[in-house]
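Participant: Okay, here's the structure, questions in a sec.
The values are calculated or read from the model by the stated rules, or taken from the named source; none is laboratory data. Being a predicted model, the structure only gives us computed values, none of them experimental. Every residue, glycine among them, receives a Cβ derived from its backbone with ideal geometry; neighbour counts consider all protein chains shown. The protein model used for the area step is the full one, side chains on, heavy atoms only, and it has no ligands, DNA or RNA in it. Shrake-Rupley method; radii C 1.70, N 1.55, O 1.52, S 1.80 Å.
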There are 2 protein chains.
Amino acid sequence: MPDSSLSGGDSVLVWIVLVISLAALAFAYYLVRAVLAADQGTVKMREIAQAVQEGAAAYLRRQFRTLGVFAVIVFVLLLVLPVADGGWETRVGRAIFFLIGALFSASVGFIGMTLATRGNVRVAAAANAGGYQPSFRIAYRTGGVVGMITIGLGLSGAALALLLFDETAPIVLEGFGFGGALLAMFMRVGGGIFTKAADVGADLVGKVEAGIPEDDPRNAATIADNVGDNVGDCAGMAADLFESYAVTLVAALILGQVFFGPVGMVFPLLVAAIGIIASVVGVLATRPGKTDSSGMAPINRGFFTSAAVSLVLVAAASFTYLPSISDGADLAVSPQVLGFVSVFIGVVLAATIQQLTGYFTETSRKPVKDIGRSSLTGPATVILSGISLGLESAVYAALLIGGAVYGAFLVGGGAALYAVALAGCGLLTTAGVIVAMDTFGPVSDNAQGIAEMSGDIDEEGARVLTDLDAVGNTTKAITKGIAIATAVLAATALFGSYNAQIGVALDEAGDTLGDAFSLVNPNNVVGAVLGAAVVFFFSGLAISAVSRAAGRVVFEVREQFRTKPGIMNYTERPDYSAVVDICTKDSLRELATPGLLAVLAPVAVGFGLGFGPLAAYLVGAIAAGTLMAVFLSNSGGAWDNAKKMVEDGAYGGKGSEAHAATVIGDTVGDPFKDTAGPAINPLIKVMNLVALIIAPAVVGLSVGEDANTTLRVLIALGAVLVIVISVVVSKRRSVVVGGAPTATADGSTLTATAP
Amino acid sequence: MPDSSLSGGDSVLVWIVLVISLAALAFAYYLVRAVLAADQGTVKMREIAQAVQEGAAAYLRRQFRTLGVFAVIVFVLLLVLPVADGGWETRVGRAIFFLIGALFSASVGFIGMTLATRGNVRVAAAANAGGYQPSFRIAYRTGGVVGMITIGLGLSGAALALLLFDETAPIVLEGFGFGGALLAMFMRVGGGIFTKAADVGADLVGKVEAGIPEDDPRNAATIADNVGDNVGDCAGMAADLFESYAVTLVAALILGQVFFGPVGMVFPLLVAAIGIIASVVGVLATRPGKTDSSGMAPINRGFFTSAAVSLVLVAAASFTYLPSISDGADLAVSPQVLGFVSVFIGVVLAATIQQLTGYFTETSRKPVKDIGRSSLTGPATVILSGISLGLESAVYAALLIGGAVYGAFLVGGGAALYAVALAGCGLLTTAGVIVAMDTFGPVSDNAQGIAEMSGDIDEEGARVLTDLDAVGNTTKAITKGIAIATAVLAATALFGSYNAQIGVALDEAGDTLGDAFSLVNPNNVVGAVLGAAVVFFFSGLAISAVSRAAGRVVFEVREQFRTKPGIMNYTERPDYSAVVDICTKDSLRELATPGLLAVLAPVAVGFGLGFGPLAAYLVGAIAAGTLMAVFLSNSGGAWDNAKKMVEDGAYGGKGSEAHAATVIGDTVGDPFKDTAGPAINPLIKVMNLVALIIAPAVVGLSVGEDANTTLRVLIALGAVLVIVISVVVSKRRSVVVGGAPTATADGSTLTATAP
């Protein structure tokens, strides 16, 4: 390993990076002011927005309270667990940076959501008053704030750790990344369950049973549905992208140190700082023009401007900052070329994934049209064509991502893993713009909901909002694709860090690796199967959690229709907060099982089967996770847009049998694309980071003088036991909930007979 | 490697094994005579059975003609490809045994199907004349014949190769296994597309549009549906189980030689011969008793009797034949214990998988009941609950299979892979009974179809046939679970052979393995992602092939209703053969793409990325494939039985909204459980065998003096090109077919408007 302390010049550079990251926060503040200055619309709109704001804030407060306890437990565990390299200061630093990472992740989610619930009503108001351009601008700038906060906090945390801890910063940053990823996973899962329980529940009773349109104020689940958009798509996604950003940086710093010493740590920070500049330019460049063919045009313009700025500045940074000859790793090209080309690969990957996802989920392209056409033969063919589309599209995405990793591998030579991590950084130089376009989605969606519910919208305004919503659907699908790509790159890189940790720990225990990491060990094959299994299990749990929670929403809404007969003719007001409450409680309860699974399964495999199978487990999880995530997201996105296509008049339009078939497809797709699919991204990283953190302990108990098989097996059994109990408890719940409609749905058309 | 020639005593033992395998064929002949002696029913029944027989035979003949060309190409390639060890005789032997394996696989499928299409009508006739016991016996004995032929041919091939080629037999047997697996995969995919295209097409037009019941003679697709049961569930499954049996034996012989020399090769043959004896006992023990609670009772009795006989005899064989001390591999236990415990693990795995699959797919258990209940909230919740059930159940199956591999790993010590292969043999000692219970499914299903179509059945007879059909559904699900378990064990073991081949080839090229097989190589992560991707792609292709072919069936049946208005009041006869013809042509055309993918993707990865990524590719495919196969099979099975549960009167019974919801679930499940899911089993093995066969060539072109990067890259690009062309061509087809109903379905209720 090259000399590992920061030089004076490097310190200055890191200080500059820190200043730039704070500037991002200042720019966010400037954007906030602009958004909040806009008109808040009619009294009715404000009332509805208020209800959404309160519901969303109440949910997040309760979620943070629950997660706070969990965070404290993990904090204590981190203080206890050994680190491979470094003393107690490193250990304490890692634990504290875990808390900081968690806090930042939560803050990004909280601020993003708070602002989104304020932006939405202003977008609705602007659609009425000023038309397309101002409402687009407000929606996008709201997203821009979240983007700036995401990258500002992510980069400042990394820079701070490097300034404070110098050569032990990578280990400290494991904590930072872990805190961010863990919180993000919980927010993703919890928010995802909330939003889809409300959405599916609202659709099942509203559209299907009562025959009232979406977002109709008579449906008691509508406010919950809008709250869900914010806690799931907005808070969850923002936290998720924050952790992608943080974890990728962390992986790059860890590997940069291994291969190039301090220079290797500073370079990724420079790339990220350049990303901030590029994102500011990109956000400012995103303004709808008179000649734009669709709402995607200005968004793409912003993205590509940002990407171009990044590339030019990264080229400059690579060829001035990086050395032209390597004195450490055995490279195929010079460090300068390695740095630039790796980042370039990442930028190109972001652009191609954007195109690919667009192809598979846009209404105007063949795949969605094919699904739309299959609605002529009923719901079964809609489901089948959506599933085969999703399965196939996952493969193309996997090929792109695999191609990027392989490209980085070829360029990287002896420092292949660092090149992979830099490609991840490249993917995220446009993170500010990506988060902005993602947040654009729920803000527009909510604006439409608020306008619809208030009734205070003219025809032109309604058209504007529908257009914005359609654009938002596409941007949401795109950011999901990019998020999973970052997960694979970050996980592959982290995986290298895991290897390094194991090497160091074995060295200390006076042992060597042998064939523990060999693919042909049968116990490694078992590890890989288990890794893939966890992805399947997690997806199944998330989907069934939504079904269960949606069942309760259905029951509550039906009950309100029954006990408040005035709802249907607008003489009685439904109790919106009751549904918000159900979603809040259920989603917090339901996130426990998948969350525990993610944290404890690697513990069980690592301590139970060993560090070799744990490595294979991670590979299995990365492989199956990549495909499953894209499959779920793209099937769901395509069904959603096939429905929109029929609603726009194809195959008989609204009310036709074809429409009914696509509504079923859309409902199936909801938990696919907004709960299970996107949560796989933080899942993969949480599992990788858990593996990284327990690696020294696993090795310590396996070999050398502290080896203790009994303790190892006990820890593994304990982890398995907690998972089993949690699964059993959640299955128990399904009995109660599944039974409820049967017993009391006497008012509805569906009366049950026990089998 | 221990001394590798067969001793005189061992030769005698192998001759005895050969005689036992021929005795299995003799016993099959005895059973055939008994089945064919039974009454063939009324004239109408015979007529219908005749039509099914002709359709099925015509399909298989055409399939074999197509596959014959393919087999010859592969034969020539095998003559060209180098072998790691051994001269031209080995190479020629391998190529010839490839043809023998393919021929045996095809014969098992052909004979099984021919007999099933003769047994079905006799079962229907017996239900009328004699009631439950005789019709059960005929159905099961028909299955028994197929079981005996499967294991008789499988074992005789292996014994013959060992007698003829002695120490080079393992390499020759690669060809035998490959031939069997390749044919089986094509028969599985082709038959699976045929059967589900006909089934889904018949349901969509018949049940959904025209409102006529299943198996109604007015539906032009009914004969095709019955033909499909035979070419898919019967011929396809028989060939599939044959290849499972053959490949598992091959893997055990290869690894047995590596670890224990001739003794290691002879022992698996002894286990298989014992399996034949146990299967004969099991088949004879399977007779319904007066006190049986359900049709599953005698079947389970037969299975467990067979398993018990196996265990006792295997214990005797282990402790008399195997040495008590190892002189080669470094073992944790004596070879005797290793042999017995490994086989024991396999037998236990078969039994537990049977229980687990039963739990997730039987009508009387909670999971299916939960799906049934979800039908109250419509098709979307039926689909969601089935998918989450499938995802979760896959994990339990993966845990069982993983546990078995790990158990064998622990017992095996230095010969872990051999222990895994022996566990596979253990799993298949009951193969005769397993094939019998599997074939029982389509025979009963067909018997019911024939009785229904002929109208010549009394109420009691109809009840008998419904009962048999329900039992058949469960046995089919169980055998699918066992088949995928054999795939994982065989693939893990083959994977060890791959490793050995690479080692030998590197040695010859004067190179060493280095970290090429290390999990932490980024290019190996790419390989694993690609392996998982192929499983997803293959599944997606199979499902969309069914959708496309079903679309054509729908079009044809609608067209017949339109042009022959007399069909609905029975004055005109539908043209059944037209639909059979469509299914035949389409399934043969559609199997090309998934088939080429399976064969060429490992070629592309191996030559393109190298032998390390190819190993990772196999691990990724095994991990994702196991889970995907069980997910698809169990979701499909559970939906099927949820529908049956509603049809039996739950939640409103036939004609209710709940019933409509479960019919949609069943239709979605059809290609899951009968096309994509079961085809993953041979897919995994074909890919492993292709890797094994190309291993020496890949190494030869990569390292040493014959290294030739250009040629390597050209081969990889060629393989990729063929896959791409094949995919593009099959996508083109979807335009034509998807468009057809729109243009001409003017007689139906679903009229399309172009978007």
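Participant: Taking each pair of distinct Cα atoms in chain A once, what is the resulting Kirkwood hydrodynamic radius in Å?
Facilitator: Mean inverse Cα-Cα distance, inverted, gives 25.8 Å.
Participant: Would you work out which of A:158, A:464, A:82 lies farthest towards the positive end of the dipole of chain A, given +1 charges on the beta-carbon of Lys and Arg and -1 on that of Asp and Glu, about the Cα centre?
Facilitator: Among A:158, A:464, A:82, the one farthest towards the positive end of the dipole of chain A is A:464.
Participant: Could you sort out which of A:369/B:673; A:366/A:673; B:644/B:685; A:290/A:644; A:366/B:476; A:369/B:196 sit more than 29 Å apart by Cα distance in this structure?
Facilitator: Table pairs above 29 Å Cα-Cα are B:644/B:685; A:366/B:476.
Participant: Counting only C-alpha contacts under 8 Å and six or more residues apart, can you give the relative contact order of the range B:63-199 as a whole percent?
Facilitator: Relative contact order for the range B:63-199 comes out at 37 percent.
Participant: Here is a further query. At a cut-off of 30 Å², which residues of the range B:603-640 become less accessible once all protein chains are present than in their chain alone, using a 1.4 Å probe?
Facilitator: B:609, B:619, B:623, B:627
Participant: So how far, in whole Å, is the C-alpha centre of the range A:64-106 from the one of the range B:218-285?
Facilitator: So the two Cα centres are separated by 54 Å.
Participant: Run the numbers on the range B:515-536: which residues show a drop of 50 Å² or more in accessible area, chain on its own versus all protein chains together, using a 1.4 Å probe over heavy atoms?
Facilitator: Residues of the range B:515-536 that lose at least 50 Å² of accessible area once the other chains are added: B:517, B:519, B:520, B:522, B:523, B:525, B:526, B:529, B:536.
Participant: What is the interface area between chains B and A, defined as buried accessible area summed over both chains with a 1.4 Å probe, reported in Å² to the nearest 100?
Facilitator: Using a 1.4 Å probe, the pair buries roughly 7500 Å².
Participant: Shortest first and in nm with one decimal, please list how far the residue B:293 label point sits from its counterparts in the other copies (point 7 Å along Cα→Cβ).
Facilitator: Computed spacing set for this position: 6.6 nm.
Participant: Now, a different point. How far is residue A:571 from itself in the other copies, in nm, if each label sits 7 Å out from Cα along the Cα-Cβ line, shortest first?
Facilitator: Once sorted, the set of distances for residue A:571 reads 5.8 nm.
Participant: Quick one: helix B:262-285 against the long Cα principal axis of chain B, what's the angle to the nearest 10°, folded into 0 to 90?
Facilitator: It works out to around 30 degrees.
Participant: Could you please state how large a percent of the accessible area of chain A is carbon and sulfur, counting protein chains only and using a 1.4 Å probe?
Facilitator: Reported share for carbon and sulfur atoms: 63 percent.
Participant: Let me ask another. May I ask you to give the solvent-accessible area per residue for the range A:382-451, in square angstrom, as obtained with a 1.4 angstrom probe?
Facilitator: Result: 12 Å² of accessible area for each residue.
Participant: Here's something else I'd like to know. Ranked highest first by average number of other Cβ atoms within 10 Å, how do A:433-439, B:687-693 line up?
Facilitator: Top of the packing list down: A:433-439, B:687-693.
Participant: Where does helix B:43-80 land angle-wise versus the long Cα axis of chain B, in degrees 0 to 90, nearest 10?
Facilitator: 30 degrees
Participant: Considering Cα pairs under 8 angstrom that are at least six residues apart, work out the relative contact order of chain B and quote it in whole percent.
Facilitator: About 20 percent, as a whole number.
Participant: Averaged per residue, what accessible surface does the range B:23-159 expose to a 1.4 Å probe, in Å²?
Facilitator: Averaged over the residues of the range B:23-159, the accessible area is 38 Å².
Participant: Continuing with this model, one more query. Non-local amide H neighbours of residue A:40 (under 5 Å, H modeled in plane, Pro and chain starts lacking H): which ones?
Facilitator: none
Participant: If you count only protein heavy atoms with a 1.4 Å probe, what accessible area per residue comes out for the range A:478-630, rounded to a whole Å²?
Facilitator: Per residue, the range A:478-630 has 24 Å² of solvent-accessible surface.
Participant: Just to confirm my numbers, what's the Cα centroid distance between the range A:429-473 and the range A:307-331 in Å?
Facilitator: Cα centres, the range A:429-473 to the range A:307-331: 40 Å.
Participant: Equivalent-ellipsoid semi-axes (√(5λ), Cα gyration tensor) for the range B:229-283, whole Å, largest first?
Facilitator: 27, 16, 4
Participant: Taking beta carbons within 10 Å but only from partner chains, what does the mean come to for residues A:642-654?
Facilitator: Mean number of neighbouring Cβ atoms from other chains: 2.
Participant: Taking each residue in B:364-373, count the Cβ atoms of any other chain within 10 Å of its Cβ, then average. What number comes out?
Facilitator: 3
Participant: What is the average number of partner chain Cβ atoms found within 10 Å of a Cβ in B:407-416?
Facilitator: The mean count of partner-chain Cβ atoms within 10 Å per residue comes to 2.
Participant: Can you tell me which of A:53-65, A:295-307, A:109-121, B:218-230 comes out highest on packing, and rank the rest after it, using the mean Cβ neighbours within 10 Å?
Facilitator: Peptide ranking by packing, descending: B:218-230, A:109-121, A:295-307, A:53-65.
Participant: Using the alpha-carbon atoms, what tilt in degrees (0 to 90, nearest 10) does helix B:88-129 show relative to the longest principal axis of chain B?
Facilitator: Approximately 30 degrees, to the nearest ten.
Participant: May I ask you to report, in nm to one decimal and beginning with the shortest, the distances from residue B:40 to the same position in the other copies, taking label points 7 Å along Cα-to-Cβ?
Facilitator: 8.7
Participant: Can you tell me the convex hull volume per residue for the protein assembly as shown, based on C-alpha atoms, in Å³ to the nearest whole number?
Facilitator: 151 Å³
Participant: Mean residue ellipticity at 222 nm from the helices of the protein assembly as shown, using -39,500 (n - 2.57) per DSSP H segment of n ≥ 4 over the full residue count, to the nearest 500 deg cm²/dmol?
Facilitator: Calculated mean residue ellipticity at 222 nm is -28500 deg cm²/dmol.
Participant: Give the Kirkwood hydrodynamic radius (Å, one decimal) of the range A:1-90, defined as one over the mean of 1/r across all pairs of different Cα atoms.
Facilitator: Kirkwood radius, the range A:1-90: 18.8 Å.
Participant: Can you compute 3J(HN,Hα) from phi for each residue in the range B:496-504, using the Karplus curve 6.51 cos²θ - 1.76 cosθ + 1.60 with θ = phi - 60°, rounded to whole Hz and x for Gly and Pro?
Facilitator: These are the phi-based 3J(HN,Hα) values: x, 5, 4, 4, 4, 4, 4, x, 4 Hz.
Participant: Let me check against my output: what whole-number percent is the relative contact order of the range A:416-493, with C-alpha pairs under 8 Å and at least 6 apart?
Facilitator: Dividing the mean separation by the residue count of the range A:416-493 yields 55 percent.
Participant: Let me ask you something else. Can you tell me the FRET efficiency between residue B:19 and residue B:325 if r is taken as the Cβ-Cβ distance and R0 is 51 Å, rounded to the nearest 0.05?
Facilitator: Approximately 0.95, to the nearest 0.05.
Participant: Follow-up. Buried by at least 40 Å² relative to the chain on its own: which residues of the range A:385-404 qualify, computing accessible area with a 1.4 Å probe on protein heavy atoms?
Facilitator: Residues passing the criterion (a loss of at least 40 Å², heavy atoms only) are A:387, A:388, A:391, A:392, A:395.
Participant: Through the Karplus equation 6.51 cos²θ - 1.76 cosθ + 1.60, θ set to phi - 60°, convert the phi angles of the range B:510-527 into ³J(HN,Hα) values in whole Hz; use x for Gly and Pro.
Facilitator: Those phi angles translate into x, 10, 10, 6, x, 9, 4, 9, 6, 4, 8, 5, x, 6, 6, 4, 4, x Hz.
Participant: Where the centroid of each part is defined by its Cα atoms, how far is the range A:575-612 from the range A:666-683 in Å?
Facilitator: 15 Å
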